[in-house]
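The values are calculated or read from the model by the stated rules, or taken from the named source; none is laboratory data. Since the structure is predicted, the reported quantities are computational estimates derived from the model, not experimental observations. Cβ placement follows ideal geometry from the backbone for every residue including glycine, while neighbour counts extend to all protein chains displayed.
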Amino acid sequence: MLELPPIPRLRPEDRAARRSGLLDLFESHVYGRTPAGGHLDRVAVRTDEPVDGGRRVELDVTVAGPRGERTVPVLVHVPEGAPVAVVVALNFAGNHATTPAPGVRIGRNRDVARGSRASRWPYRAILGRGYAVATAHYEDFEIDSPGHAVEGVRGLFSHDPRDPHGWGAIGAWAWGLSRVFEAMAGVPGFEPGAAVALGHSRLGKAALWAGAQDGRFAAVVANDSGCGGAGLHRHRAPGKETIAAITARFPHWFAPTFAGYADREADLPVDAHELLALIAPRAVHVASAVEDLWADPLGEYLATVAASPAYEAFGLTGTRSVDEGSAVLPTLGQRVGGRLSYHARPGGHDLTAQDWELALDAADDAFTAEAAP
Ligand code: GTR
């Protein structure tokens, strides 16, 4: 029996206090506190050229904190005409890995081939749907291994690795997503419209945490985000990643306190459905791949079911009504729900063209169909 902290039915005047209490719990027990005092410092345009369906723009984005600054290359694709929204998404291997285009500058991963991850970045299709997309290599914000906190974004602030509530790399990547969004104002002649934070896997965790903290993201897409993302910690399933497993391999992702919940999932004061609820009434789309047992697809779906009351309180729909929120996955390849939605597709851990298509359907619905409250 899955016992979760309930989503209370609140009077509108009590929502702000509940929201800040929940944010505080996620900061203290999961991701750590994002320090104040950082900002986007400046944006320089390096290249701006036409591509099939729009333009490709490369930016140098300089972010700063009290102890210094760093410059991150950002690759932007802009559609023809006014975009519906801009999708802000970090990538794993470098901007040049997202496209075979010869002009895109090679990043820190010199041995990664141009376009080697292009299947995850169907730019032509995204532009065709009227969306802009901005990406940066996640390790340009924060190196993804323990002991490197001084080299990345966290090093721009005073960072004490012994602080039990200090922020981890997921917090730094989430911070980076907000700065990339702000940098879009530096793209000549571009009005971004709404913003969507999107991420796959560990970067899906970061997208959710960015959306929970930054209300300027009108929608969040978390693809195969699993443990520490949309997956319910309290859901038991064979082969899934647990708090013990994730904090042993990736201690640098979270606040040090989080590891204390290894094998004590029921004691964690929050669970993933409350992370989704923090984003309500803004749109959330959770995506799973049915063979990706490590990310626990059913635990991700059940998080959306459990978070649905937070949307229903605004007169919006989640996924609870789907088959009365039964404990089986909805039909593969179909998006279910409303402002909070879900899909599972066949296959394994990946970000595919089908994932993008269904995610952009969710964004289309959020920006056009269900009127904003
Ligand atoms: C795995 C990790 C997952 C997920 C994934 C990824 O090794 O255990 O939590 O984040 O990496 O980012 O691809």
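Things to note:
- Tally of residues being at pLDDT below 95 and either among the charged types (D, E, K, R) or over 20 Å from residue 181 (Cα atoms) (or both) across the stretch 81-100: 0
- Pair list, Cβ under 8 Å, 6 or more apart: the stretch 238-259 residue under 18 Å from residue 224 (Cα atoms), other residue among the charged types (D, E, K, R) and within 13 Å of the ligand (Cβ to nearest atom): 240/296; 241/296; 250/202; 253/202; 253/205
- For the stretch 178-187, the criterion of a residue being in contact (Cβ under 8 Å) with a residue 24 or more places away in the chain and within 16 Å of residue 281 (Cα to Cα) is satisfied by no position.
- Just one of the listed residues (232, 198) is surrounded by 24 or more Cβ atoms within 10 Å (Cβ to Cβ), closer than 29 Å to residue 36 by Cβ and more than 9 Å from the ligand (Cβ to nearest atom), namely 198.
- Those residues of the stretch 261-297 which are part of a helix (DSSP H, G or I), more than 16 Å from the ligand (Cβ to nearest atom) and buried (at least 20 other Cβ atoms within 10 Å of the Cβ), in sequence order: 273, 274, 276, 277, 278, 279
- Residue match in the stretch 49-63 (condition: without any contact (Cβ under 8 Å) to a residue 40 or more places away in the chain, surrounded by fewer than 24 Cβ atoms within 10 Å (Cβ to Cβ) and out of contact with any strand residue (DSSP E or B) (no Cβ under 7 Å at 6 or more places or on another chain)): yes
- Selection count where residues are part of a loop (DSSP other than H, G, I, E, B), over 21 Å from the mean Cα position of the chain (by Cα) and farther than 9 Å from residue 296 by Cβ, scope the stretch 237-253: 1
- Restricting the stretch 320-346 to residues that are in contact with a helix residue (DSSP H, G or I) (Cβ under 8 Å, 6 or more places away or on another chain) and under 15 Å from residue 235 (Cβ atoms), the residue that is surrounded by the most Cβ atoms within 10 Å (Cβ to Cβ) is 342.
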